[in-house]
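Structure first, then comments.
The values are calculated or read from the model by the stated rules, or taken from the named source; none is laboratory data. Note that this is a predicted model, so its numbers are computed, not measured. FYI the Cβ positions are ideal-geometry reconstructions off the backbone, even for glycines, and counts take in every protein chain you see.
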Amino acid sequence: MYRIKTMNKISSTGLDHLDKSRFQVGDDLENEDGILVRSAPMHDYPFPDALRAIARAGAGTNNIPIDRCSEHGIVVFNTPGANANAVKELVVAAMLIASRDLLGGADWVQEQAHTPKVDVVEAVEKGKSAFVGPEIYKKTLGVIGLGAIGALVCNIALDLGMDVYGYDPFLSVDAALRLDRHVHVVKDINELYRVSDYVTIHIPYNSSTKDFINAEAISKMKGQVRVLNLARGGLVNEDDMIEALESGRVAKYVTDFPNNRIATVKNVIALPHLGASTPESEENCAVMAVRQLQDYLVNGNIKNSVNLPNVSQDWSGTARLCIIHKNVPAMLTQIMSTLSDDGINVENMTNKSKKDYAYTLVDVNTRITDQVADELRSIDGVIRVRVLNH
Ligand SMILES: NC(=O)c1ccc[n+]([C@@H]2O[C@H](COP(=O)([O-])OP(=O)(O)OC[C@H]3O[C@@H](n4cnc5c(N)ncnc54)[C@H](O)[C@@H]3O)[C@@H](O)[C@H]2O)c1
């Protein structure tokens, strides 16, 4: 039985995809083989010996200690694109509430309706001018990051009649193909800042993207720009944003990552981390995370991992070796010669690398003894060896 620990509530539609005869699921299991997580912080989590994989039901993985996972041979999965539509729809809402004061206006109507002797019909006609704002039609939207979410945002903004500029120096071919050809993809982000009435950011948060939108970036933007951050709080430098809001350079800042400080600043619209919080998105993410985790634990296949390469292979032998190792020269030669010295015939093999790490799947036509597995483990640079039997 594989033990799967859930560190957050995971949609039951996702968990239903686990083969009950082989998987035990719970939030209090110990020495688990796999973890399903959404946003629980895992940086201080002590890894049990059995742990082989962590599947994050969502796109961002900054709650998971990726480097520590790689060093321990733990595969980290995410679910790219599974929540992209939910975030895209919230971006549309964010642009609208950043334009007209719909939230303030709706609160004000309630206040009027609950005030004795106020005629709401009369009051709205007198008071509505306090809440007016521009349309988004024919305005320019700048989209930073053209991945799963960014591309959907670009395309829907075009449908809404906006002019769209996109920036992504690492744009993948797949992502580029998803983009409508009318999006102006720029190489220099300052070009996007110069023309955009709305700037929205959709890139991962890490040490190189921290404070991506700071005073310097804001100084390149149009005055009265509306900035949307539904990606991660740390992508926007808070001090610089507050200063820009106070000076009026930024007209509105919509963030899905409020804290006590930013939530109380004038012209900040703070949402309670709602980006991916739709039933559809939670289900999509859970199903994808569960499928990927199950396929890795049962078959050794890797799809959508952030720290190891994608490797999938149809079974063609009686046993399968799943070897996580450093991406260093002569590793394959050493693995193959260990197997051939032990008289083991290889039926099929795939080897791929991702940055400092690599993964080798080897199908063989004999059972692998503990002794052979230990010989492979003793190769310098090999991090983890698993043996699966068909
Ligand atoms: N508010 C929420 O609840 C919520 C939900 C889902 C995702 N997110 C956040 O949104 C982010 C984007 O999600 P996604 O699914 O589109 O991810 P993705 O991986 O599909 O796309 C990210 C894109 O950013 C680009 N990129 C990376 N660094 C860049 C840089 N320095 N400049 C410009 N582009 C850069 C990449 O090339 C990639 O195309 C996630 O990392 C996550 O933090 C938030």
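When each of Ala157, Ala215 is tested for being in contact (Cβ under 8 Å) with a residue 12 or more places away in the chain, buried (at least 17 other Cβ atoms within 10 Å of the Cβ) and either among the aliphatic types (A, V, I, L, M) or more than 9 Å from the ligand (Cβ to nearest atom) (or both), the lone residue that passes is Ala157. When you check Leu192 against the structure, is it within 12 Å of the ligand (Cβ to nearest atom), within 12 Å of Val143 (Cβ to Cβ) and within 22 Å of the chain's Cα centre (by Cα), yes or no? The answer is no for Leu192. Where strands (runs of 3 or more DSSP E) fall entirely within the stretch 280-390, those with at least 3 residues that are over 28 Å from Phe23 (Cα atoms) are at 346-354. At positive phi and within 11 Å of the ligand (Cβ to nearest atom) - does that describe any residue in the stretch 130-141? No; the residues of the stretch 130-141 include none that is at positive phi and within 11 Å of the ligand (Cβ to nearest atom).
Kindly evaluate Gly233 against the criterion of being of a type in the set (Gly, Ala, Ser), within 19 Å of Ala98 (Cβ to Cβ) and more than 16 Å from the ligand (Cβ to nearest atom). Criteria not met by Gly233. Does Leu361 fit the bill of being buried (at least 16 other Cβ atoms within 10 Å of the Cβ), in contact (Cβ under 8 Å) with a residue 24 or more places away in the chain and closer than 18 Å to Lys303 by Cα? Here the answer is yes, as Leu361 does meet what is asked. Would the stretch 98-115 turn up any residue that is at negative phi and touching a strand residue (DSSP E or B) at 6+ places or on another chain (Cβ under 6 Å)? Checking the stretch 98-115: at least one residue is at negative phi and touching a strand residue (DSSP E or B) at 6+ places or on another chain (Cβ under 6 Å). When Ile269 is tested against (1) within 16 Å of the ligand (Cβ to nearest atom); (2) touching a Lys or Arg at 6+ places or on another chain (Cβ under 8 Å); (3) touching a residue at least 60 places away in the same chain (Cβ under 8 Å); (4) assigned to a helix (DSSP H, G or I), only condition (4) is not met.
Whenever a residue of the stretch 187-204 is under 26 Å from Ala276 (Cα atoms), its partners that are basic (Lys, Arg) and within 12 Å of the ligand (Cβ to nearest atom), lying with C-beta atoms within less than 9 angstrom and at least six residues away or across chains, give the pairs Ile201/Arg232; Ile203/Arg232; Pro204/Arg232. Restrict the check to the stretch 252-261 and report whether at least one residue is farther than 23 Å from Ser196 by Cα, modelled with pLDDT of 95 or more, away from the ligand (no atom under 16 Å from the Cβ) and surrounded by fewer than 16 Cβ atoms within 10 Å (Cβ to Cβ). Yes: one or more hits.
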